[in-house]
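Working notes, structure below.
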Amino acid sequence: MNTPPTGARPDIEMAVERALTGFAPPGLITGCRLICTGDERYLLPAENASIATRGHRARAASGAGRLVAHELLRRLGCANPAVPRGQLGNPIWPAGIIGSIAHNDDLAVAVAARSVAMTSVGVDIEPALPLPRELEAIVATPQDRLGDLDPLVAGRILFAAKEAVYKASFPLDGRVLGFEDIAADLESGEAVTSAGRMLTVRFALSPRILALAYTA
């Protein structure tokens, strides 16, 4: 991975990676990168072709996320680390690997594992800010349980958790889910989809809101 001229990774990258590692189950490896101008150059040919119509900023974010994913895949022994984008936006991982990629405005994260260790995984990253009220009304359902989370950021945590659940469930069930199709219990760390898929959910609040959903 590229580093700043000083040779040291930015503190925010290391802090996010520590947070991810802190709640990742055994067998899952994680990474993070600060998105930089020109990161689209890290897209491999198959990846580049699959996201050719996306805007410049989106391509840079995709390049940063893929660069993190490439490093994780090399650590897992993959000879071809390409992760092209599927027709519905889902990353297509090499055979025998499960993983997930996410980004917000400034950071990209990725997680990966061998499929013998886990069945599926999803990750999301969001700013540690309140969710707009109009969006919160769409995300939250009566079935959700938020426990004693700070009301200022509870909606954003729920949003991130449901995004992660969708990413983890789609490879297994092939269903496009709305927020209303996911019931998340953030107090117990569990979620269930309208298809009956049960997933474990983990999250962190600092330095960004991070959510991980998986089946093991």
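The values are calculated or read from the model by the stated rules, or taken from the named source; none is laboratory data. Quick caveat, the model's predicted, so the values are computed rather than measured. As a convention, Cβ positions derive from the backbone with ideal geometry for all residues, glycine included, and neighbour counts pool all protein chains shown. These area figures cover heavy atoms from the full protein model, side chains too; ligands, DNA and RNA do not enter into them. Shrake-Rupley method; radii C 1.70, N 1.55, O 1.52, S 1.80 Å.
Applying 1/(1 + (r/R0)^6) with R0 = 25 Å to the Cβ-Cβ distance of THR215 and ALA137, what FRET efficiency is obtained, to the nearest 0.05? Step by step, r from the Cβ atoms, then E = 0.30. Net charge of the neighbourhood of ARG202, taken over other residues with C-beta under 13 Å away and scored Lys/Arg +1, Asp/Glu -1, is -4.
Compute, for region 1-95, the length of the dipole vector about the Cα centre, with Cβ point charges of +1 (Lys, Arg) and -1 (Asp, Glu) only. Units Debye, rounded to 20. All intermediate terms of the calculation are to be shown ahead of the outcome.
Values: 11 positive and 7 negative charges, 31 e Å.
Result for region 1-95 is approximately 140 debye, rounded to the nearest 20.
For the chain, the solvent-accessible area of protein heavy atoms averages 47 Å² per residue (probe radius 1.4 Å; ligands and nucleic acids excluded). For the chain, a crude dipole built from +1 on the beta carbon of Lys and Arg and -1 on the beta carbon of Asp and Glu, taken about the Cα centre, is about 800 debye to the nearest 20.
Build a GNM of the chain with springs between Cα atoms under 10 Å: which of ALA108, ALA95, ALA161 gets the top mean-square fluctuation? Comparing ALA108, ALA95, ALA161 in a Gaussian network model of the chain, the most mobile one is ALA95. Apply 1/(1 + (r/R0)^6) to the Cβ-Cβ distance of GLU180 and ASP106, taking R0 = 41 Å, and write down the FRET efficiency to the nearest 0.05. After rounding, the FRET efficiency stands at 0.85.
What length, rounded to one decimal in nm, is gained on full extension from ALA128 through to ASN80, with 0.36 nm per residue of separation minus their alpha-carbon distance?
Details: separation 48, 0.36 × 48 = 17.28 nm, distance 3.50 nm.
Length gained between ALA128 and ASN80: 13.8 nm.
Dividing the mean sequence gap of close Cα pairs (under 8 Å, 6+ apart) by how many residues region 117-216 holds gives a relative contact order of 40 percent. Cut-off 10 angstrom, C-alpha nodes, Gaussian network model of the chain. Which of VAL116, VAL16, VAL153 fluctuates the most? Of VAL116, VAL16, VAL153, the most mobile in the Gaussian network model is VAL116. Summarising the amide proton neighbourhood of THR119: residues at separation of 5 or more, or on other chains, whose placed amide H is nearer than 5 Å comprise THR215, ALA216. Computed across region 46-166, the Kirkwood hydrodynamic radius from all distinct Cα-Cα pairs reaches 15.8 Å. Each of GLY63, ILE35, LEU205 was placed along the dipole of the chain (beta-carbon charges, centred on the mean Cα), and the one lying farthest toward the positive end is GLY63.
Within the chain, helices built from complete DSSP H runs that reach 27 Å or longer along their own axis (Cα positions) and carry a mean Kyte-Doolittle hydropathy of 0.5 or higher are 151-173. Net charge in the neighbourhood of ASP181 (other residues with Cβ under 14 Å of its Cβ; Lys, Arg +1, Asp, Glu -1) is 0. Charge tally around LEU72: other residues with Cβ under 13 Å, Lys/Arg +1 each, Asp/Glu -1 each, net +3.
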